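Colleague: Pasting in a structure now, in C-alpha cells, and then I'll have a few things to ask.
The values are calculated or read from the model by the stated rules, or taken from the named source; none is laboratory data. Since the model is a prediction, treat every value here as computed from it, not as a measurement. No Cβ is skipped: glycine too gets one built from the backbone with ideal geometry, and neighbour counts run over all protein chains shown.
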Amino acid sequence: MRLWQNRFTQTSLSLLFLAGLLTWGIWRNGLPTAIDGQLHFYRLLELHWAVQNGQFYPRWLPDMVFGFGAPVFNFYPPLTYWVAEIFVLLGANAVLALKISYSLAILLLVGSAYALGKALWQAQPAAWALTLAYSFAPYVYFNMLQRGAYPELWGMALLPMLLNRIYAYLHATTQPNARLLEVALCAAALVYAHSLSALMAIPLVGVLSLVWAGWDWRKWVGLCSAGLLTVGLTAAWWAPFVRESQFVQLQRATQLAFVVYSNNWNTLASLFHPPLQFDPSQMGQEIPVSLNWGALALAGLAMWRGQARGQVAIWLGLAVGYLLLQLPISQAVWQSVPGLSYLQFPWRLTGPLSLLLALLASAGWQSLAKKNEWTVAGLALLLWACGLGWSFSPANLSLAGQTHRDIPAYEIRTGQTASTTTGEFVNIWAEQLPDSQALAAHYQQDNLPFSRLSHRQLPADVEILAESAGWESTTFQYRAQLAWTAELDWLLFPEMQVLLDGKPFALEIVGGKGTGRIPHLPAGEHTVAVTRQPSAVQRVGGWLSFGALCVALAGWGWHMRPSATRQKPPPSQQLTRFSSLPLLAGFSLAMLLRLFWLDTGQSPWRYAHLSAEGLAGVQHPLQMNFGNELQLLGWSAEGADVTLYWQALRPLQTRYSVGLYVHNAEGTRLSQHDRQHAANLPTSEWQLGMYALGVHHFENWQALPAGTYTLYMSVYSEQGNLDYILPDGTLNGTFVALGEIKK
C-alpha cells in the first residue's frame, strides 16, 4: 500500500499507461507497413544479418538493390535499428522487436516531455499539461501509424529530452559539468536516431538555449563546448556523409517531383483541421497533418492571460516561424538555406511545432486557478478526444516470417530501391538499375552470402575451381587458357580492393551499370580476392567518435562520483501534493472505451463508409468490373477534380494505372489525366475488402468553355489494357464511358 501511495510510483505508472494507450494501434493492427513502415523493417533485418556476420556498424548492405548492394547506413544513421536489434538478439522476431521499439520511443517521448515540463514549471499539473499536449499531438499518431516513420518518432522523443538536459545544465546547482556532458550525449543520440529531426531542431534548440543562458558568457562557452563534443561524437556519421555523398545519387532525394519540397507544402486548413473521422475501410486515407484543438485552446489561453510572458513570447515566435516554414510563403527561405531541401516535406516541421504548442499549452494551463489532479484527468480525456481520429489505422500487412532473403522481392514489389522511395543510395555510375532478376536464384535457394563473380558473362574457356563469399568479400580460384575479364555482381562504392594471388590488381567500373569488373586477368591458375574496405574517412570518423565517446563517458562518470559536499536540493512542495491516481483512472477509462466501443463499431471518430450495401457518399455509384482484377465503385466530380473509387477483386501482382479523359460532344479529347497509384499505393499493395480513391485533376479545366462533357477511362499496365466486363461476362472494350460532367 505504501508503494502505491508513493508519488513517483503513481507518476511512473501513469506515464506507462499513457504510452500503452498511445501505442495500442500498433499492437492491435500490426506493425505499420504503409509508406515508410516496410523499409524500416527490412533495414532491421539487414542489420541483424550483418551482426550475424560480425558487422556491428554495417555501412554497406549487400542485399539491397536486388542483391547488388548499397551503402545505406553510410548515409542513414542506424541507432534506432540497433534499439530493435537488441530485442532480436534476445530472441524476439523482427516484427515484435519493432513493436517493442515503437513503444519504447513513445515511452521516452512521454517521459522526456514530463521531465521537461516539471523542470520548467516545478509544478506537476503544468508538467502533465505539456506531456498530454505533446503526446496526443496528431503528428505523433501520424508518424507512428500512417507513415511508419520509426526513426522520426525517436527524433520526436529525444527532442524534449535534449531541451531538458540543456535546461538542467543552465540551472544546475550541483554537477553542472555532468549535465553538460549529458547535453552532448543527447544531441548525438538525436543525430544518430534521425538526422533530419536534428536539422529541424536547430532553431528551436539554439534560440531556447540562448534565452535560458541569458548573459552568462560561461554558460555560452559551456554550450559551445557541448556542441563541439557533439560534432566529435557524430563524426562517424557526418564525415563519410559529407565526403562520400558524391559517390551516390543523393540529389534524387531532392529532385524527383514527389519529394521536391515545393510540391509538398502544408496548408492552414490541414494544420487547423478539426478532429478527424477515420475510415477503416479506406486504403491510404488522406490524413491531415494537424495540430490538437485542445492544445490550441490552451495556447490561446497562454497568450491571453498566461504567466512567464517572456517565455511565452519566445515560444510563440518560434511556433509561428515553424508554421510559416510549412507554407508557400516561405519559398525564399527554402531556396536560400543550404540542406533545407533534404527535409523534402515542409509538413515535417509539424513535429517541433507540436512541442512548441505543448509548451504554450502548459503555460496556459499554469495560468488557471484550479489545477488539481481531477482537472488534469479531465484535460487528458479532452486532449485524447481531440486527437483520437488520428489514432486509428487499418489492419497492416503481415510481415511474419520475412527475412533479409526477401529484400529483393520487396524492392521489386514496392519500387523502394535500397530501402528508399527515390533510390538515392545507388551509386552514381549506375545510369539505370540492374536487372532485378539477375540474382534471384541465390535468394530462392538461400545461397547467401553468394559469390560476386558473375557467371552470366563467364568465357567458355574459364574454369572456376573454387568460390567463397563473405559479407563484404568474394574470392574465386580459376584456370584459364587466355587472359579474360571477370564481371562482378556488385554495385561499387569506395573502397574496393582486388588481390591477384595476394598482390594488388586493377578494378574498373562498368560505365552505365555501376558494377565492377577485373580486366586482363592472366591465363593460368590464379586466386582472386575482392574485398570492400572501410574508407579513410570512415576510419577517421569512427575513431573520432569513439574517442569523443570515451571522453564523454569518462567525464560524466568523474563528475557524477559521490561527494560528501554535495547536497540534494529539497523537493518542491507543489510536486508532492499532486496525485496521479485520477490520471490512471482516466487512461484506463479511455482504454476500455477503445476496447469495447471505439475499435468495434461506428463512432464520431471512426466510421466505415464501405459496407455490403456499397460505398456511402459517392455521387455516381457503380459496379464496373475491369478484367476481374479491379472494380470501380463509383465516381464524384467537383470542379477540375474527378475522384474514382476502386476496390481490388483479388490479390494483385500487377501495378495498374488509370487514364481519365474529357471529350466534347464531337468526340474530341480536350483533357487527360493519368494516375498510377490511387490511395498512394501501387495496386500490388492493395488489401481485399477495402477501397481506394484516386483524384484526377484536369489542369486546363478552367480554360474549357461551359457545356456538357463525357468522361472516358481506361485501366492499363505494361502488359496491356484491362477489359470492362459486363455482368453477363461479355467483354465491353478497354475504353469505357463513365458519364457526363458539366461546367
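Colleague: On the given criteria, is TRP429 surrounded by 17 or more Cβ atoms within 10 Å (Cβ to Cβ) and either touching a residue at least 24 places away in the same chain (Cβ under 8 Å) or closer than 30 Å to GLN277 by Cα (or both)?
Modeller: So TRP429 fits the description; yes.
Colleague: Scanning the stretch 315-329 for residues that are surrounded by fewer than 19 Cβ atoms within 10 Å (Cβ to Cβ) and of a type outside the set (A, V, I, L, M), which turns out farthest from ASP36 (Cα to Cα)?
Modeller: Per the stated criteria, the residue is GLY317.
Colleague: Also: Between LEU726, LEU681, LEU731, which is modelled with pLDDT under 90 and over 30 Å from GLU411 (Cα atoms)?
Modeller: That would be LEU731, the only listed residue that is modelled with pLDDT under 90 and over 30 Å from GLU411 (Cα atoms).
Colleague: Sticking with this structure for a sec: Go through (1) among the aliphatic types (A, V, I, L, M); (2) modelled with pLDDT of 95 or more; (3) within 25 Å of GLN366 (Cβ to Cβ) and name the single condition ALA123 misses.
Modeller: The failed condition is (2).
Colleague: Here's another thing I want to ask about it. Residue under question is PRO338, and the condition is that it be assigned to a loop (DSSP other than H, G, I, E, B) and surrounded by 14 or more Cβ atoms within 10 Å (Cβ to Cβ); does it hold?
Modeller: No: the conditions fail for PRO338.
Here's the yes/no breakdown for (1) of a type in the set (Asp, Glu); (2) surrounded by fewer than 24 Cβ atoms within 10 Å (Cβ to Cβ); (3) farther than 24 Å from PHE546 by Cβ; (4) touching a helix residue (DSSP H, G or I) at 6+ places or on another chain (Cβ under 7 Å):
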{"position": "ALA127", "(1), (2), (3), (4)": "no, no, yes, yes"}
{"position": "MET144", "(1), (2), (3), (4)": "no, no, yes, yes"}
{"position": "MET156", "(1), (2), (3), (4)": "no, no, yes, yes"}
{"position": "ALA172", "(1), (2), (3), (4)": "no, yes, yes, yes"}
{"position": "HIS194", "(1), (2), (3), (4)": "no, no, no, yes"}
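Colleague: Right, next: In this structure, is PRO459 under 22 Å from PRO58 (Cβ atoms) and assigned to a loop (DSSP other than H, G, I, E, B)?
Modeller: Values: under 22 Å from PRO58 (Cβ atoms): no; assigned to a loop (DSSP other than H, G, I, E, B): yes.
Answer is no for this residue.
Colleague: Give the residues of the stretch 681-734 that are exposed (fewer than 11 other Cβ atoms within 10 Å of the Cβ) and among the hydroxyl-bearing types (Ser, Thr, Tyr), sorted by residue number.
Modeller: Correct list: THR708, THR730.
Colleague: Taking the stretch 1-25, which residues are modelled with pLDDT under 95, surrounded by 21 or more Cβ atoms within 10 Å (Cβ to Cβ) and of a type in the set (A, V, I, L, M, F, W, C)?
Modeller: Correct list: empty.
Colleague: Here are ALA188, ALA253, ALA201: which of them is buried (at least 16 other Cβ atoms within 10 Å of the Cβ), part of a helix (DSSP H, G or I) and at pLDDT below 95? Reasoning before the result, please.
Modeller: Values: ALA188 fails: at pLDDT below 95; ALA201 fails: at pLDDT below 95.
Among ALA188, ALA253, ALA201, only ALA253 is buried (at least 16 other Cβ atoms within 10 Å of the Cβ), part of a helix (DSSP H, G or I) and at pLDDT below 95.
Colleague: Among the residues of the stretch 398-408, is any surrounded by fewer than 18 Cβ atoms within 10 Å (Cβ to Cβ) and more than 30 Å from GLN52 (Cβ to Cβ)? Talk me through it step by step, then tell me what you get.
Modeller: From the stretch 398-408, those surrounded by fewer than 18 Cβ atoms within 10 Å (Cβ to Cβ) are 398, 400-401, 403, 406; that's our starting set.
The next check asks that each one be more than 30 Å from GLN52 (Cβ to Cβ); those that pass are none.
Looking through the stretch 398-408, none of the residues is surrounded by fewer than 18 Cβ atoms within 10 Å (Cβ to Cβ) and more than 30 Å from GLN52 (Cβ to Cβ).
Colleague: How many residues are touching a helix residue (DSSP H, G or I) at 6+ places or on another chain (Cβ under 6 Å), among the aromatic types (Phe, Trp, Tyr) and farther than 18 Å from VAL95 by Cβ when one looks only at the stretch 19-67?
Modeller: 1
Colleague: Among residues belonging to the stretch 587-624 that are farther than 22 Å from GLY284 by Cβ and touching a Phe, Trp or Tyr at 6+ places or on another chain (Cβ under 8 Å), point out the one that is surrounded by the fewest Cβ atoms within 10 Å (Cβ to Cβ).
Modeller: That would be SER588.
Colleague: Take LEU499 and decide whether it is within 22 Å of PRO434 (Cβ to Cβ) and in contact (Cβ under 8 Å) with a residue 12 or more places away in the chain.
Modeller: No: the conditions fail for LEU499.
Colleague: Right, next: Any residue that is more than 26 Å from TYR607 (Cα to Cα), modelled with pLDDT of 90 or more and not in a strand (DSSP E or B) - is there at least one of those in the stretch 685-698? Steps first, please.
Modeller: Of the residues in the stretch 685-698, the ones more than 26 Å from TYR607 (Cα to Cα) are 697-698.
From what's left, modelled with pLDDT of 90 or more: 697-698.
From what's left, not in a strand (DSSP E or B): 698.
Within the stretch 685-698, one or more residues are more than 26 Å from TYR607 (Cα to Cα), modelled with pLDDT of 90 or more and not in a strand (DSSP E or B).
Colleague: Follow-up question, since we're still on this one. Mind checking which residues of the stretch 435-456 are within 31 Å of the chain's Cα centre (by Cα) and either assigned to a strand (DSSP E or B) or farther than 22 Å from GLN55 by Cα (or both)?
Modeller: Scanning the stretch 435-456 gives ASP435, SER436, GLN437, ALA438, LEU439, ALA440, GLN444.
Colleague: Looking only at residues in the stretch 377-430 that are among the aromatic types (Phe, Trp, Tyr) and out of contact with any Lys or Arg (no Cβ under 6 Å at 6 or more places or on another chain), which one is nearest to ASN447 (Cα to Cα)?
Modeller: This residue is TYR410.
Colleague: Residues in the stretch 707-727: is at least one hydroxyl-bearing (Ser, Thr, Tyr), without any contact (Cβ under 8 Å) to a residue 24 or more places away in the chain and either out of contact with any helix residue (DSSP H, G or I) (no Cβ under 9 Å at 6 or more places or on another chain) or in the same structural domain as LEU630 (by TED's automatic domain parsing) (or both)?
Modeller: Taking every residue of the stretch 707-727 in turn, none turns out to be hydroxyl-bearing (Ser, Thr, Tyr), without any contact (Cβ under 8 Å) to a residue 24 or more places away in the chain and either out of contact with any helix residue (DSSP H, G or I) (no Cβ under 9 Å at 6 or more places or on another chain) or in the same structural domain as LEU630 (by TED's automatic domain parsing) (or both).
Colleague: So, one more: Any residue in the stretch 358-378 that is among the hydrophobic types (A, V, I, L, M, F, W, C), crowded, with 18+ Cβ neighbours inside 10 Å and under 26 Å from the mean Cα position of the chain (by Cα)?
Modeller: yes
Colleague: Continuing with this model, one more query. Tell me, please, whether a residue that is more than 35 Å from the chain's Cα centre (by Cα) and in the same structural domain as LEU622 (by TED's automatic domain parsing) can be found in the stretch 686-698.
Modeller: Within the stretch 686-698 (the criterion being more than 35 Å from the chain's Cα centre (by Cα) and in the same structural domain as LEU622 (by TED's automatic domain parsing)), the answer is no, since none of the residues qualifies.
Colleague: So, in the stretch 209-221, exactly how many residues are in a helix (DSSP H, G or I) and either among the charged types (D, E, K, R) or buried (at least 21 other Cβ atoms within 10 Å of the Cβ) (or both)? Break it down stepwise before answering.
Modeller: Going through the stretch 209-221, the residues in a helix (DSSP H, G or I) turn out to be 209-213, 217-221.
Restricting the remaining residues to those that are either among the charged types (D, E, K, R) or buried (at least 21 other Cβ atoms within 10 Å of the Cβ) (or both) gives 209, 218-219.
Final tally of qualifying residues: 3.
Colleague: Would you pick out the residues in the stretch 313-357 that are in contact (Cβ under 8 Å) with a residue 12 or more places away in the chain, farther than 30 Å from ALA127 by Cβ and over 22 Å from the mean Cα position of the chain (by Cα)?
Modeller: Listed by number, the residues that qualify are PRO328, SER330, GLN331.
Colleague: Residues that are among the charged types (D, E, K, R): find the strands (runs of 3 or more DSSP E) completely inside the stretch 599-679 holding 2 or more of those.
Modeller: The qualifying strands (runs of 3 or more DSSP E) are 669-675.
Colleague: Would you confirm, using the coordinates I've provided, whether LEU583 is in contact (Cβ under 8 Å) with a residue 60 or more places away in the chain, within 27 Å of TYR691 (Cβ to Cβ) and either touching an Asp or Glu at 6+ places or on another chain (Cβ under 9 Å) or outside the structural domain of TRP384 (by TED's automatic domain parsing) (or both)?
Modeller: Taking the combined requirement at face value, the residue does not satisfy it.
Colleague: Let me ask something additional. Please go through the stretch 101-110 and give me each residue that is buried (at least 21 other Cβ atoms within 10 Å of the Cβ) and over 17 Å from the mean Cα position of the chain (by Cα), ordered by number. Break it down stepwise before answering.
Modeller: We begin by selecting, within the stretch 101-110, every residue buried (at least 21 other Cβ atoms within 10 Å of the Cβ); these are 101-102, 105-106, 109-110.
Passing the criteria: only VAL110.
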